[in-house]
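> Supplied in structure tokens, the structure appears directly below.
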Amino acid sequence: MDFEKIKDLMQSLDSSNLMDFELKLNDGFYLRMNKYNSQANNQNTVAPSVSSTTPTTNIPTINNIAENISEPITIIPETKQEVKEGNIVASPIVGTFYSSSSPSKPAYVKVGDKVKEGDVLCIIEAMKVMNEITSPYNGEIVEILIDNEDMVEYNQPLFRIV
């Protein structure tokens with residue numbers, strides 16, 4: 001592999017969504033390139049780093065790297081997440097999610113329930129205060145995105161309503 005091919009590889013990494021690239025060779029030598037250092041410096045260049053498990057006197061030259069490749073290079077395209085239909089109800093505060101008013105009572109809503117704007121969906125406890133979270137939408141609960149008694153963050157999705 002000549003210098004031009006390595007330069008092309010660096011440019012390909014730079015223009016892709018990949019953050020890290022690793023090339024393993026038969027003799028234990030590998031080439032690793034990543035964008036982490038360059039992003040910290042707000043640059044658009046790839047910051048290559050080379051590591052080896054062999055002694056430094058045994059490092060192959062650029063010209064014979066291709067002969068030592070043990071695996072083909074595969075670039076896996078970024079998978080796109082499926083965008084589901086519906087409206088997301090997100091947590092307005094940080095706290096603990098409760099699906100019902102007490103452990104002995106049934107959950108306010110479950111998947112398949114029809115809700116109207118203003119219906120209580122859950123409670124989020126923050127600093128010993130129980131905050132009722134109401135539905136801003138009319139529709140059907142198609143997904144509950146959090147488990148009972150889990151901690152929630154601000155703006156974390158809780159429910160999907162269609």
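The values are calculated or read from the model by the stated rules, or taken from the named source; none is laboratory data. Given the structure is predicted, the values throughout are model-derived calculations rather than measurements. Backbone-built Cβ (ideal geometry, glycine too); neighbour counts: all protein chains shown.
> Can you confirm whether Glu71 is closer than 30 Å to Glu4 by Cβ, more than 29 Å from the chain's Cα centre (by Cα) and either at pLDDT 95 or above or loosely packed, with under 15 Cβ neighbours inside 10 Å (or both)?
On the way: closer than 30 Å to Glu4 by Cβ: yes; more than 29 Å from the chain's Cα centre (by Cα): no; either at pLDDT 95 or above or loosely packed, with under 15 Cβ neighbours inside 10 Å (or both): yes.
So Glu71 fails the test.
> Additional query: I'd like the full set of residues that are over 12 Å from Val89 (Cβ atoms) and assigned to a strand (DSSP E or B), limited to segment 145-162.
Met151
> Sort out which residues of segment 107-144 are among the aliphatic types (A, V, I, L, M), exposed (fewer than 14 other Cβ atoms within 10 Å of the Cβ) and either within 28 Å of the chain's Cα centre (by Cα) or in a loop (DSSP other than H, G, I, E, B) (or both), and write them in order of number.
Passing the criteria: Val111, Met127.
> Show the residue pairs meeting these rules: Cβ distance below 6 Å; 6+ apart or different chains; first residue within segment 137-162 and closer than 14 Å to Cys122 by Cβ; second residue basic (Lys, Arg) and assigned to a strand (DSSP E or B).
Going by the 6 Å Cβ cut-off, the qualifying pairs are Glu143/Arg160.
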